[in-house]
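Notes for the one structure printed next.
The values are calculated or read from the model by the stated rules, or taken from the named source; none is laboratory data. Not measured: the values here are computed from a predicted model. Quick reminder, even Gly has a Cβ in these numbers, built from the backbone with ideal geometry, and neighbours come from all protein chains shown.
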Amino acid sequence: MCYGVWPEYTGKALTMFVSTRRGFLKSAVAGLAAPYAFAQNSKITATPLAENIHLLSGAGANVIAHTGADGVLIIDGGLAQNADVLLQAVAALPKSGPVRTLFNTHWHPEQTGCNEKLGTAGATIIAQENTRLWLQQNITWPWNGQKFKKFSKIAQPNKTFYDKGALDNGIRYGYIADAAHTDGDLYVYFPQQNVLAVGDAAYGQGWPIVDWWTGGWIGGIAGGLQRIQSIANKETKIVPAQGPVLSFADIAAQAEMYGTIYDRLNQMLNKGRGPTEAVAAKPAKEYEEKMGNPDTFIRRAFESQWAYLSPDA
């Protein structure tokens, strides 16, 4: 989840609305084949990423679909109100079949909107254990009062892990960091196609939410990006939860930026400063032209340090 893109990504890299069945999008993820629309007035478009892998856009988050003889695997499910049209789009993909596996990269609504439908249909829903624990309870964000209801048993992940795992077809998954965007962020890596899905542990556009209420923090964001670098290589297509596909160089630049911001915020915390003072100090000043106003991000990022670095924690 990123500021300015919830619930619907509307960035320049992808065009999500088409008016006719023949309508083609004017732009797509840089360097990828042109996407195609599935139905009149559809919001969902699909862009081929690699053999048997498509990026579906318009459901509230980037969704990856892997099709094959064993059925379909999807990574993240978009928002619940888009579940039907998303699953229709998945069914229309080449070599499609029943969705057997769903990964939740973390607990946020943009990632878990298909859980109810696919859980009811008998799919395996895989998540890091902390994600399942968050989905078992009601959550209220203290900074804006937004409420999230706990999931029914059938909609909760039914296969969880702590560190890492693999599927029979060689697809690997694992924990990105103890705490980054949340405390349950996972990656899914397709080694044959060299495609890496990272959810909101990397950012395609705008400043991210630092969800410190469910375990995220700025130091973990920087560390998570370094972890992504250790998994990927220079040819890897890295898919964030929002925005365009990223390169290895993009991840390296993000790791440096968030590492720099973390160092500055850490220094201010150690000097006894507070969130308002941190915002006023403009620790992300050189990034504002590209990234936009960072004030909300800086406040949340500073607050996220309290649980991890406060001497009284």
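Numbers at a glance
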read-out	value
Those residues of segment 120-142 which are within 18 Å of LEU79 (Cβ to Cβ), out of contact with any strand residue (DSSP E or B) (no Cβ under 6 Å at 6 or more places or on another chain) and either β-branched (Val, Ile, Thr) or not in a loop (DSSP other than H, G, I, E, B) (or both), in sequence order	THR120, THR131, TRP134, LEU135
Count - residues of segment 51-91 that are within 22 Å of ALA155 (Cβ to Cβ), among the acidic types (Asp, Glu) and surrounded by fewer than 20 Cβ atoms within 10 Å (Cβ to Cβ)	1
Yes/no for ASP168 being acidic (Asp, Glu), modelled with pLDDT of 95 or more and surrounded by fewer than 22 Cβ atoms within 10 Å (Cβ to Cβ)	no
Subset tally (residues that are part of a helix (DSSP H, G or I) and either within 22 Å of ASP211 (Cβ to Cβ) or not small (Gly, Ala, Ser) (or both)) for segment 273-300	18
Filtered residues of segment 248-260 (kept if of a type in the set (Val, Ile, Thr) and closer than 13 Å to GLY223 by Cβ)	ILE251
Residue check for THR182: within 27 Å of ASP295 (Cα to Cα), surrounded by fewer than 19 Cβ atoms within 10 Å (Cβ to Cβ) and not small (Gly, Ala, Ser)	no
Subset of segment 58-95 (residues that are in a strand (DSSP E or B) and closer than 14 Å to VAL188 by Cβ)	VAL63, ILE64, ALA65, HIS66, VAL72, LEU73, ILE74, ILE75
Segment 172-188 residues that are basic (Lys, Arg), paired with ones that are surrounded by fewer than 24 Cβ atoms within 10 Å (Cβ to Cβ) and assigned to a strand (DSSP E or B) (beta carbon under 6 Å, 6 or more apart)	ARG172/ALA166; ARG172/TYR189
Single residue of segment 143-181 satisfying the filter (among the β-branched types (Val, Ile, Thr) and touching a strand residue (DSSP E or B) at 6+ places or on another chain (Cβ under 9 Å)) that is farthest from ALA307 (Cα to Cα)	ILE171
Selected residue (only one of ASP250, ASP263 is of a type in the set (D, E, K, R), assigned to a helix (DSSP H, G or I) and under 24 Å from GLN193 (Cα atoms))	ASP250
